[in-house]
1. Quick one: B:I32 ticks every box in (1) without any contact (Cβ under 8 Å) to a residue 40 or more places away in the chain; (2) of a type in the set (A, V, I, L, M, F, W, C); (3) over 22 Å from B:A115 (Cα atoms) bar one, so which box is it?
2. State which residue is farthest from the other protein chains (Cβ to nearest Cβ) when the search covers only segment A:22-42 and only residues that are within 14 Å of the chain's Cα centre (by Cα) and among the aromatic types (F, W, Y).
3. Which one of these is in contact (Cβ under 8 Å) with a residue 24 or more places away in the chain and either surrounded by 16 or more Cβ atoms within 10 Å (Cβ to Cβ) or within 8 Å of chain B (Cβ to nearest Cβ) (or both): A:P96, A:P79?
4. Tell me, please, whether a residue that is under 18 Å from A:F102 (Cα atoms) and among the aromatic types (F, W, Y) can be found in segment B:116-132.
5. In segment B:1-20, what residues are in contact (Cβ under 8 Å) with a residue 60 or more places away in the chain, surrounded by fewer than 22 Cβ atoms within 10 Å (Cβ to Cβ) and farther than 25 Å from A:I62 by Cβ?
6. Please determine, by comparing only the residues of segment B:158-169 that are touching a residue at least 60 places away in the same chain (Cβ under 8 Å) and not β-branched (V, I, T), which one is surrounded by the fewest Cβ atoms within 10 Å (Cβ to Cβ).
7. Would it be correct to say that B:I86 is more than 8 Å from every other protein chain (Cβ to nearest Cβ), modelled with pLDDT of 95 or more and closer than 27 Å to B:W66 by Cβ?
8. Residue by residue through segment B:170-216, note down the ones that are among the basic types (K, R) and either surrounded by fewer than 18 Cβ atoms within 10 Å (Cβ to Cβ) or in contact with a Gly (Cβ under 6 Å, 6 or more places away or on another chain) (or both).
2 protein chains.
Amino acid sequence: MKNKAIVLLSGGLDSTTTLYLVKNKYKCFCLIFDYGQRHRKEIENAKNVAKTAGCKYNVVKIFLPWKGSSLIDKNKKIPYNKSGSIGGKIPSTYVPGRNTIFLSYALSFAEAIGARKIFIGANSLDFSGYPDCRPKYFRNFNRVFKIGTRNKNIKIETPIIYKTKKDIVKLGTKHKVPFELTWSCYSGGKHPCGKCDSCILRAKGFKEAGEEDPVS
Amino acid sequence: MKNKAIVLLSGGLDSTTTLYLVKNKYKCFCLIFDYGQRHRKEIENAKNVAKTAGCKYNVVKIFLPWKGSSLIDKNKKIPYNKSGSIGGKIPSTYVPGRNTIFLSYALSFAEAIGARKIFIGANSLDFSGYPDCRPKYFRNFNRVFKIGTRNKNIKIETPIIYKTKKDIVKLGTKHKVPFELTWSCYSGGKHPCGKCDSCILRAKGFKEAGEEDPVS
């Protein structure tokens with residue numbers, strides 16, 4: 001019997017590729033978050049990805065009334081990336097505590113069902129500079145997991161953290177990721193806006209990998 | 001103007017005493033959690049405590065469908081403490097990831113409103129042996145906070161972590177804690193059961209401090 005694992009799934013390129021990387025080795029339980037994100041439509045994408053991958057999923061509703069991010073506050077604007085440079089200053093789309101909240105739910109889920117791995121598709125190369133996506137953040141969180149649980153063997157795994165977006169698209173292609181089911185754009189309109197950090201990073205990845213993005 | 005702080009408030013003895021210890025020094029925002037606990041009535045106690053202390057509060061709803069604890073799973077029984085010994089084996093009332101989830105919401109709240117302190121009434125002497133109540137858990141979590149946020153100065157503070165229940169009752173008495181508004185029993189009946197770990201620890205504290213518990 002396969003070991004159980006939790007996979008954080010947003011329905012985007014990175015988390016979907018992560019799921020496809022590990023779904024044959026582990027019995028994966030996907031965790032999808034509805035946290036008031038502007039691009040709520042990604043939740044439907046995530047559900048479809050989980051179903052297509054043959055995995056069970058839970059959608060967890062998170063209410064952050066204090067907001068603090070343009071990604072969940074409709075009174076703020078999603079920044080359009082004009083310079084093309086990404087990863088310098090932390091942008092307004094950063095959601096305070098988001099990955100910490102996501103991973104703490106994953107920890108609870110893992111311990112309750114006896115899973116020992118939590119996979120997250122975080123990436124620290126082609127990323128928006130969010131502090132909670134960097135390797136040392138996960139390293140330190142793993143220490144908290146070790147100390148703060150009954151089962152001391154639950155570990156966060158970040159298989160694509162050192163991959164470029166080009167590598168991720170190549171890896172996804174190799175593992176037959178259904179790219180057409182994924183959604184990356186922060187704006188959450190009918191079509192990707194093509195101007196936010198997330199769209200720009202995705203386009204760069206497909207272009208450099210020499211693949212066609214079925215979504216754009 | 002006072003600095004802002006987040007106070008995790010369960011409506012029990014420890015968190016209420018913690019709030020009263022710091023409420024004059026900081027502008028406190030209380031965070032109350034509705035996580036499917038059997039003793040849901042403590043939520044009303046917590047709200048009354050916050051109001052009485054003159055503090056704003058948020059009630060955050062947390063849904064843990066995977067359960068994994070007798071405190072949130074009505075198909076399991078709350079263990080009655082027969083031996084009187086507490087703090088050995090982790091009991092079934094332990095909720096996987098609970099403090100990690102609570103603190104991650106507090107982190108999000110703190111960063112969004114510009115608070116730098118998060119107070120939690122955790123106690124590592126007269127406690128049930130939960131791994132997420134120990135000093136090294138908080139020390140390590142503080143490192144995650146420092147690395148994983150935009151504002152690197154948000155810190156968890158545990159002012160009563162090395163106090164006995166006797167000390168906490170004495171401290172509460174000194175700071176005019178409205179003990180009559182607090183609730184500790186895990187069973188959540190009309191009256192405290194007097195048999196669960198939480199009731200036993202509370203009774204011990206009042207007895208050793210030579211104070212009368214207005215609730216029992």
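1. So B:I32 meets the others, but not (3).
2. First, the residues of segment A:22-42 that are within 14 Å of the chain's Cα centre (by Cα): A:30-35, A:37, A:39-40, A:42.
Those left that are additionally among the aromatic types (F, W, Y): A:33, A:35.
Working: A:F33: 12, A:Y35: 10 Å.
Filtering segment A:22-42 for residues that are within 14 Å of the chain's Cα centre (by Cα) and among the aromatic types (F, W, Y), the one farthest from the other protein chains (Cβ to nearest Cβ) comes out as A:F33.
3. Working: A:P79 fails: either surrounded by 16 or more Cβ atoms within 10 Å (Cβ to Cβ) or within 8 Å of chain B (Cβ to nearest Cβ) (or both).
Sole residue among the options that is in contact (Cβ under 8 Å) with a residue 24 or more places away in the chain and either surrounded by 16 or more Cβ atoms within 10 Å (Cβ to Cβ) or within 8 Å of chain B (Cβ to nearest Cβ) (or both): A:P96.
4. No, segment B:116-132 contains no residue that is under 18 Å from A:F102 (Cα atoms) and among the aromatic types (F, W, Y).
5. Those that are in contact (Cβ under 8 Å) with a residue 60 or more places away in the chain, surrounded by fewer than 22 Cβ atoms within 10 Å (Cβ to Cβ) and farther than 25 Å from A:I62 by Cβ: B:N3, B:Y20.
6. Residues of segment B:158-169 that are touching a residue at least 60 places away in the same chain (Cβ under 8 Å), as a first pass: B:159-160, B:165, B:168-169.
Next, from what is left, pick out any that are not β-branched (V, I, T): B:159, B:165.
Values: B:P159: 15, B:K165: 24.
If we take residues in segment B:158-169 being touching a residue at least 60 places away in the same chain (Cβ under 8 Å) and not β-branched (V, I, T), then B:P159 is surrounded by the fewest Cβ atoms within 10 Å (Cβ to Cβ).
7. Working: more than 8 Å from every other protein chain (Cβ to nearest Cβ): yes; modelled with pLDDT of 95 or more: no; closer than 27 Å to B:W66 by Cβ: yes.
When the stated conditions are applied, B:I86 does not pass them.
8. Filtering segment B:170-216 for residues among the basic types (K, R) gives B:170, B:174, B:176, B:190, B:195, B:202, B:204, B:207.
B:K174, B:K176, B:K190, B:K195, B:K204, B:K207 - these are the residues of segment B:170-216 that are among the basic types (K, R) and either surrounded by fewer than 18 Cβ atoms within 10 Å (Cβ to Cβ) or in contact with a Gly (Cβ under 6 Å, 6 or more places away or on another chain) (or both).
The values are calculated or read from the model by the stated rules, or taken from the named source; none is laboratory data. Given the structure is predicted, the values throughout are model-derived calculations rather than measurements. In this analysis, Cβ positions are derived from the backbone assuming ideal geometry, glycine residues included, and neighbour counts consider all displayed protein chains.
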